[in-house]
1. Looking at (1) closer than 21 Å to residue 54 by Cβ; (2) in contact (Cβ under 8 Å) with a residue 60 or more places away in the chain, which is the only condition residue 239 fails?
2. May I ask you to say which residue of 43, 57 is modelled with pLDDT under 85, surrounded by fewer than 21 Cβ atoms within 10 Å (Cβ to Cβ), touching a helix residue (DSSP H, G or I) at 6+ places or on another chain (Cβ under 7 Å) and more than 28 Å from residue 246 (Cα to Cα)?
3. Only residues in region 177-205 that are within 18 Å of residue 134 (Cβ to Cβ) count as the first member; pair them with residues that are modelled with pLDDT of 90 or more and surrounded by fewer than 19 Cβ atoms within 10 Å (Cβ to Cβ), Cβ under 9 angstrom, at least 6 apart or cross-chain, and list the lot.
4. How many residues are touching a helix residue (DSSP H, G or I) at 6+ places or on another chain (Cβ under 8 Å), assigned to a helix (DSSP H, G or I) and over 22 Å from residue 174 (Cβ atoms) when one looks only at region 365-392?
5. Looking at residue 214, is it loosely packed, with under 14 Cβ neighbours inside 10 Å and closer than 30 Å to residue 133 by Cα?
6. Can you find even one residue in region 275-287 that is surrounded by fewer than 20 Cβ atoms within 10 Å (Cβ to Cβ), over 30 Å from residue 344 (Cα atoms) and either touching a residue at least 24 places away in the same chain (Cβ under 8 Å) or out of contact with any strand residue (DSSP E or B) (no Cβ under 7 Å at 6 or more places or on another chain) (or both)?
7. Please identify the pairs in which a residue from region 220-234 that is more than 20 Å from residue 101 (Cα to Cα) has its Cβ atom under 7 Å from the Cβ atom of a residue that is at pLDDT below 80 and exposed (fewer than 13 other Cβ atoms within 10 Å of the Cβ), counting only partners at least 6 apart or on another chain.
């Protein structure tokens, strides 16, 4: 009955056009009313407490770093460097997109920011060179979702806070799977582009390669600073976000000199607006999560799924399927906030490593960003690249299937996540 009330209140609110954040509040209030414990003061206290988290301070700074990266020339230099390395091979612009996405993922942590940058920089070039627009847009969409997996990841921050799991460990555990997703895209693109007649870019000379590498050196230094700093305990993820924002600001204004003082207000405003949405979602979800706990819903689910607790792989497959279904209708952040308090008691009862589960869960949610009908990254690429939503969706399917293959490979072989994670984290 409690599950029914929660779902009816949430889905009913969404059906009539209520924003997801307010829908979460409605579902929490509905549970309180059903349990005869409705109190507006308790609702307000839990709402305020939901956003009162020090690790969440990382969100605005990483968002700001992403905005500065795109406006200050860091993204463009990374794409130019990748172009000198693989732009001359057949299908080279696609490989450039994949390489650039991996590098940029380590700068912003935002799939939408990376999708916008890649589409603006590469999609016009791919169209002029004769690449299929739908397939090109699908590739760039799929490449952009690597951003929530490779650190720094805003998704990992939200999950870590909601699940009470070490964000530093999640960051380190995401490196190898993020590279695997990139490799899967690389192989899929190679298979698809072999028969296309496309115009190759001129091969860059070694002086041009070295010049591009030197130009992109400061941009590529940011992920190194963040990962090394976290690996050796120099700073926490929250402090790493501040370092990333200040470093990006310094490079964009002092070294590259492409960012002007007059642009700063717009960048700060854009980062603040996005942060406000995320923080309100987190706060509202904490109300619903508190009511789910009070209603003892996790214990009831554990009882229902008791036979699967001795079979962790089957339990993981079941949770991944549920996440896939929810991800088609919701954006990444609401999905994380709604499912995390439900799944984590099951994960711990089954003896599954929470960090390992967090990586699988985040990959699944990232893929949800390119699953219709609510594919935020698909919409971003369609808007920026001036390609129809149907065409982007059609072009993304082969790459989405490749990424799902990586996800379920990691489900069946946990050591692919855990062994590199232990090495990176020490």
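The values are calculated or read from the model by the stated rules, or taken from the named source; none is laboratory data. Quantities reported herein were computed from a predicted structural model and do not represent experimental measurements. Methodologically, a virtual Cβ is constructed for each residue, glycine included, from the backbone with ideal geometry; neighbour enumeration extends over all protein chains shown.
1. That leaves (2) as the condition not met.
2. 43
3. Partner pairs satisfying both residue conditions: 188/398; 188/401; 189/398; 191/398; 192/398.
4. Selection size over region 365-392: 9.
5. no
6. no
7. 231/426
So that you can scan it fast, the table gives a plain yes or no per residue for (1) assigned to a helix (DSSP H, G or I); (2) at pLDDT below 85; (3) at negative phi; (4) within 15 Å of the chain's Cα centre (by Cα):
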residue: 318; (1), (2), (3), (4): yes, no, yes, no
residue: 324; (1), (2), (3), (4): yes, no, yes, yes
residue: 336; (1), (2), (3), (4): yes, no, yes, yes
residue: 339; (1), (2), (3), (4): yes, no, yes, no
residue: 343; (1), (2), (3), (4): yes, no, yes, no
residue: 347; (1), (2), (3), (4): yes, no, yes, no
residue: 351; (1), (2), (3), (4): no, no, no, no
